[in-house]
Amino acid sequence: MRASFAEQAFMATCGATITSVEPGAVIIEFPFRDDLTQQHGFIHAGVVAAVADSACGYAALTLMPPEAAVLSVEFKVNLLAPAAGERFRAIARVIRAGRTLTVCAAEVHAIHGDARDDALVAAMQATMIALVDRPGIAEPQVLPADESGRE
C-alpha cells in the first residue's frame, strides 16, 4: 500500500504522507504551502478533495484482497470551512466493505499549532471499486509490515 501511495505523483506534489494505517482506516497529512492555495490564500478545494479521496481509497484497499487494485467510482465532498491551517489531516474509514464496491467516509481537518486546536474543513463520502486481473491496471505492491506492525 505504501509503495502504491509513493507512486502517486500528485500526493508527492502536495507533500502528503500516510501517517496511520489500520484495517478499514487511513490517515493522510499534508502541510500548508503557498503553491497549493487558491486566490484567497486557502488550500484549494481540489487539493482537499484529492487527499480525502486518496485516504478513502487506501482505507478501502486495506480490506480488499492483496491482488486487488482500487479506483474511485464516485465521491461527494462538502466544503465546510476555508482550508486555513499549518497542516491538514484527512481521516478516512470504511463504512461498508463489499466484494466489489466499498463505501467510505473522510473528514479533513485543518491543524493550527497544537493538534488539539483543529477545524473540520471538509467531509467526503466515497465509493471505491476493487479491480482484479484488469489489463492496464498495475498490481499493487505489498510491503512487509514495519516495526509498528503497519503496512
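The values are calculated or read from the model by the stated rules, or taken from the named source; none is laboratory data. What you see is a predicted model; the values in this text were computed from it and never measured. Cβ: placed from backbone, ideal geometry, glycine included. Neighbour counts: every protein chain shown.
Taking first residues from region 3-27 that are in a helix (DSSP H, G or I) and partners that are of a type in the set (Asp, Glu), the Cβ contacts under 9 Å between residues at least 6 apart in sequence or on separate chains come to Thr13/Asp35. Applying the set (1) surrounded by fewer than 15 Cβ atoms within 10 Å (Cβ to Cβ); (2) within 19 Å of Phe10 (Cα to Cα) to Gly113 leaves exactly one unmet item: (2).
Conditions (1) among the hydroxyl-bearing types (Ser, Thr, Tyr); (2) within 23 Å of Ile129 (Cα to Cα); (3) at pLDDT 95 or above; (4) crowded, with 19+ Cβ neighbours inside 10 Å, marked per residue:
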{"position": "Ala9", "(1), (2), (3), (4)": "no, yes, no, no"}
{"position": "Cys14", "(1), (2), (3), (4)": "no, no, yes, yes"}
{"position": "Ala25", "(1), (2), (3), (4)": "no, yes, yes, no"}
{"position": "Leu36", "(1), (2), (3), (4)": "no, no, yes, yes"}
{"position": "Val48", "(1), (2), (3), (4)": "no, yes, yes, yes"}
{"position": "Cys56", "(1), (2), (3), (4)": "no, yes, yes, yes"}
{"position": "Pro66", "(1), (2), (3), (4)": "no, yes, no, no"}
{"position": "Glu74", "(1), (2), (3), (4)": "no, yes, yes, no"}
{"position": "Arg89", "(1), (2), (3), (4)": "no, no, yes, yes"}
